[in-house]
Amino acid sequence: MMNVLLFASLREAVGQETLAVDIALPCRVEALKQHIADQHPSIATAQSNQALLVAVNQMIVGNEHQVEEGDEVAFFPPVTGG
Amino acid sequence: MMNVLLFASLREAVGQETLAVDIALPCRVEALKQHIADQHPSIATAQSNQALLVAVNQMIVGNEHQVEEGDEVAFFPPVTGG
Amino acid sequence: MANRLNVAHHWLDVAEQLAWLSEDSAAGAVVNFIGQVRRQNLDDDVAALTLEHYPAMTKHVLNGLIEQAEQRWPLIRIVIHHRVGTLRPGDPIVFVGVSSAHRDAAFDAARFLMDKLKTQAPFWKKETTSDGERWLDARSCDEDAAASWD
Amino acid sequence: MANRLNVAHHWLDVAEQLAWLSEDSAAGAVVNFIGQVRRQNLDDDVAALTLEHYPAMTKHVLNGLIEQAEQRWPLIRIVIHHRVGTLRPGDPIVFVGVSSAHRDAAFDAARFLMDKLKTQAPFWKKETTSDGERWLDARSCDEDAAASWD
């Protein structure tokens, strides 16, 4: 089990700040995205629109990145600050 | 007769704020420069160092520009504001 | 190099920041940027703008951008102040200020910090208009501006 | 478009200028530049810097630059304030501020105005150091920066 933090429109679309995910670790970011998208259509939509970013330990990472036990993982849309 | 305004290092080198120049108008800027350089070595030096700018009626002009009766003419070194 | 980095609900005393940026004896140039809430966006009147962020990550990213700027240009001081929470039209959102000996480095670094902040720092804007609320989309021109530094 | 242009012995209230630049409802970005007297130049301690100008021409040139900037970018407000007379190390010399809807135009225009002012506006600097007085030379990098906009 691991937790994924959600922000902004993704948090609102899913209706939760944190998703508890039942997936075996370590796993690739791509597998984690797919796993969550299967259960949450809004994540699937964001992903297909290339509007889903993933940060592991506060750094944006690509699909190949390996998620380890104890990592802080967050899903969010493209950023719009400044 | 016409007057040429001098600024900054040229004013100090010549020792005057204004030069009275006895030249027939209209004349080209190049001729005016040569005329003044013949009498003031510091103007000749600035000219040979490409460190002499000429403004006619508050606009920097090139050697081909024609100076007319009543024009305001100024000689000065490259600018260093800001 | 010294820097000030803040993410906060409040705005800051801009004159005090400018004084701090310029007080080093080697500083010849100070460039600063202020971004503020426009009164109109996409042809709608904006009633409010709410900024959310990912606190643990925000400072991490902004500190990384400050380090990159320091490595690229001979800078003296940097200030980044970004607001979060609910703001009104005309309210300032972000202050980025840089001092350097000469203007080229100060201009480049201030623009670099803004371009990168726009695409890398985890802030999100939600606009309230008479039509309701909407999350703002990222602009592709911001991606292009950020990529121009790579 | 509105603008403020001043050449004067005194400095200005920077916070007031920033407030004026940002008060238009369409303004989303304000960029400003401050140039100041460095304490050291060419390895000598600077005791004073005296700025001379050609008054009849200065405003003419600066107004022309403001017009060019307006034609090139969608600007909202512009401030140019340049000091003349004798200044001390750390004293501000020039303030250039620009507001626009978006940051790209504001950054470009502020830098354009500074680059062109440096090579076209008739100001001259004379530095006083322990070695005496010297007129500063124009820098070729300033010529290059100005030419990059043509």
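Limited to segment D:78-100, what total is found for residues that are open to solvent by 40 Å² or more (accessible area, probe 1.4 Å) and basic (Lys, Arg)? Let's see the steps before the verdict.
Of the residues in segment D:78-100, the ones open to solvent by 40 Å² or more (accessible area, probe 1.4 Å) are D:86, D:88, D:91.
Narrowing further to those that are basic (Lys, Arg): D:88.
Qualifying residue count, segment D:78-100: 1.
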Inset, instruction - Please go through segment D:39-58 and pick out each residue that is in contact with a strand residue (DSSP E or B) (Cβ under 8 Å, 6 or more places away or on another chain) and over 16 Å from residue D:82 (Cα atoms). - result: D:39, D:40, D:41, D:44, D:45, D:46, D:47, D:48
Inset, instruction - Find all pairs meeting these conditions: Cβ atoms under 8 angstrom apart; at least six residues apart or on different chains; first residue within segment D:136-150 and touching a residue at least 24 places away in the same chain (Cβ under 8 Å) and over 16 Å from residue D:121 (Cβ atoms); second residue open to solvent by less than 90 Å² (accessible area, probe 1.4 Å) and not small (Gly, Ala, Ser). - result: D:148/D:115
Inset, instruction - Examine segment C:7-14 for a residue that is more than 17 Å from the chain's Cα centre (by Cα), within 14 Å of chain A (Cβ to nearest Cβ), surrounded by fewer than 18 Cβ atoms within 10 Å (Cβ to Cβ) and over 17 Å from residue D:28 (Cα atoms), and state whether such a residue exists. - result: no
Inset, instruction - Considering every residue within segment C:75-92, establish whether at least one is of a type in the set (Val, Ile, Thr), more than 28 Å from residue C:23 (Cα to Cα) and under 14 Å from the mean Cα position of the chain (by Cα). - result: yes
Inset, instruction - Taking only segment B:13-56 into account, find how many residues are assigned to a loop (DSSP other than H, G, I, E, B) and crowded, with 16+ Cβ neighbours inside 10 Å. - result: 2
Inset, instruction - Test each condition in (1) surrounded by fewer than 18 Cβ atoms within 10 Å (Cβ to Cβ); (2) within 30 Å of residue C:25 (Cβ to Cβ) for residue D:150 and report the one that comes out false. - result: (2)
Inset, instruction - Could you please tell me which pairs satisfy a Cβ distance under 7 Å, a separation of 6+ or placement on different chains, a first residue in segment C:69-87 that is of a type in the set (Asp, Glu), and a second residue that is modelled with pLDDT under 95? - result: C:70/C:1
Legend entry - Meets criteria (at pLDDT below 95 and of a type in the set (S, T, N, Q)) for residue D:99: no
Inset, instruction - Tell me, yes or no, whether segment C:20-27 has at least one residue that is open to solvent by 20 Å² or more (accessible area, probe 1.4 Å), facing another protein chain (nearest Cβ under 7 Å) and either over 30 Å from residue D:40 (Cα atoms) or not in a loop (DSSP other than H, G, I, E, B) (or both). - result: yes
Inset, instruction - Examine segment B:64-75 for a residue that is within 29 Å of residue D:141 (Cβ to Cβ), open to solvent by less than 30 Å² (accessible area, probe 1.4 Å), touching a helix residue (DSSP H, G or I) at 6+ places or on another chain (Cβ under 6 Å) and outside any loop (DSSP other than H, G, I, E, B), and state whether such a residue exists. - result: yes
Legend entry - Residues of segment C:28-48 classified as modelled with pLDDT of 95 or more and at the interface with another protein chain (Cβ under 10 Å from one of its Cβ atoms), total: 10
Legend entry - Filter result (part of a strand (DSSP E or B), surrounded by fewer than 21 Cβ atoms within 10 Å (Cβ to Cβ) and not acidic (Asp, Glu)) within segment C:37-54: C:40, C:41, C:46, C:47, C:48, C:50
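The values are calculated or read from the model by the stated rules, or taken from the named source; none is laboratory data. Note that the coordinates shown come from a computational prediction; the quantities given were computed from them, not determined experimentally. Glycine gets a Cβ as well: all are built from the backbone with ideal geometry, and neighbour counts include every protein chain shown. Protein only, heavy atoms only, side chains kept; ligands, DNA and RNA dropped before computing areas. Shrake-Rupley method; radii C 1.70, N 1.55, O 1.52, S 1.80 Å.
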